[in-house]
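To start, the structure itself, in structure tokens.
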Amino acid sequence: MRTIKQPPFLLLLGLLLGLSACQNDDEAQELQSSNNYILEESAFGCTNYQTITIDAVFQINHTLQYENFLIFGGFDSLLIADASSNERLINTGLRVNKLLAYNNKVTVCADQGVFEIDAIPTVVEKQSWACEDVMLSSKGELLATFNGGFTTTPKIYRWDEMQGFLPFTDKHTRSCLNISQMAEAANGDIWAINCGNFVLRFRDDNFLDFFNEDDLPRTLSWQGATVLLQSYGADMVLAVKNGTGLYQVLKFRNGEWLTLFNETLSNADVTDQVAEMMLPSLEKALVRNDKLYIGTTLASCRGIHVFDITKNELLQPADYYVIKDPELEGQCINDISLTSNGDIIVTTLGNDVTIMDCN
């Protein structure tokens, strides 16, 4: 089923101004101050929305729009569908960790290896090692990381059309070897997260340094926490959440880590705003227009968290808030991705895929 929507977004502030016509100023002010950190509006300021509901038996965690096709990945399946008719072209059992358009093809990073979609719907294996992450560098190189149990050294690898995956970096020296996420800063440094939630940095194809609990402004343990890594110009941004016990947003700038957000529900003076943001799990992040957007999901779906990352100090309450986009059913965000033409694709629980025209 396909529906095309022009969302009638009405800002909460507009609603409050309307109510003020029939309420006295004190009542309106009380209403506004009670929940002005939850906005019901377009999540990214986009206009036209196109929503597609995918009838799939698996949970979609990754979505890629490629030419006239939509490609979906989840815990146990890779699905390719025609973007116009929604006709399924292939459905194969791959546990997908990342989808990436590269060299006029689609690269699939999966537990079973790295695969390439060339002439749809043909899927070809490129490497049998269990893939953790893939990214396209600013030099146009396809970079990949693999599960340490399948490779002899914990490196970042580069794809070579003649020789396959070759070491792009030397190995790093931490005891927890798997590299699970990568991001590139504006200066060409490659940043990564390993399985111990250490932050790694590579420069000029070499392992440069790492940041652990002694180097990062951690206030509580990151053991078992969700860590999301995003580049922001020359800076690097980390979002860390460990249940309701810890929620941090950090920024690396000019050689030091800055704390932008640092909260826990165990604080005696926790505000309603912080309590709202502490409830959900974090899933996917995107930096856009000087803001960090984080999609939330189970155990408590709360839409999208937004942080102002232009600041270099602890954020004030006005600098972070929640957006509950009326067009995102259920407010459970499984994936946020940016397309090559500037559109944003948001996938929600229930396999609703919403393509937002943001140009």
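The values are calculated or read from the model by the stated rules, or taken from the named source; none is laboratory data. All values reported here derive from a predicted model rather than from experimental measurement. Cβ coordinates were reconstructed from backbone atoms using ideal geometry, including for glycine residues, and neighbour counts include every protein chain displayed. Keep in mind that these areas ignore ligands, DNA and RNA; they rest on the heavy atoms of the full protein, side chains included. Shrake-Rupley method; radii C 1.70, N 1.55, O 1.52, S 1.80 Å.
In the elastic network of the chain, a GNM with C-alpha springs shorter than 10 Å, the most mobile of Thr348, Thr122, Thr244 is Thr122.
When you restrict to C-alpha pairs under 8 Å that are six or more residues apart and normalise by the size of the stretch 270-358, the relative contact order lands at 22 percent. Candidates Leu292, Thr259, Met356 compared by Cα position along the dipole of the stretch 234-359: farthest toward the positive end lies Thr259, with charges placed on Cβ. For Lys126, the residues whose modelled amide H falls within less than 5 Å of its own, excluding neighbours fewer than 5 places apart on the same chain, are Val114, Phe115, Glu116. Listed values for the stretch 256-262 are Karplus-derived 3J(HN,Hα) couplings in whole Hz (6.51 cos²θ - 1.76 cosθ + 1.60, θ = phi - 60°), namely 9, 8, 10, 8, 9, 8, 8, and x replaces Gly and Pro.
Looking at the stretch 257-359, which GluC sites (Glu not before Pro) are in a loop (DSSP not H, G, I, E or B) and have at most 15 other Cβ atoms within 10 Å? Write out the running numbers ahead of the final one.
Working: sites: Glu263, Glu276, Glu283, Glu313, Glu327, Glu329; in loops: Glu313, Glu327.
Those that pass, being in a loop and sparsely packed, are Glu313.
With N as its number of residues, the stretch 194-243 has a Cα radius of gyration that, divided by 2.2 N^0.38 Å, comes to 1.20. The stretch 65-84 and the stretch 285-359 have Cα centres lying 21 Å from one another.
Normalised by 2.2 N^0.38 Å, where N is the number of residues, the alpha-carbon radius of gyration of the stretch 71-173 equals 1.10.
Remark: the chain projects, on average over all directions, an area of 19.1 nm² (convex hull of Cα atoms).
Put Asp352, Asp111 in order of accessible area, highest first, and with a 1.4 Å probe you get Asp111, Asp352.
For the stretch 61-73, putting each phi into the Karplus relation 6.51 cos²θ - 1.76 cosθ + 1.60 with θ = phi - 60° gives couplings of 10, 9, 9, 9, 9, 9, 6, 9, 10, 10, 10, 10, x Hz, in residue order, rounded to whole numbers and with x for Gly and Pro. Under the convention that each Lys and Arg Cβ holds +1 and each Asp and Glu Cβ holds -1, the size of the dipole of the chain around its Cα centre is about 800 debye.
Every pair of different Cα atoms in the stretch 228-359 enters the Kirkwood calculation, which places the hydrodynamic radius at 15.2 Å. When the convex hull of its Cα atoms is viewed from all sides, the stretch 36-88 shows a mean projected area of 5.3 nm².
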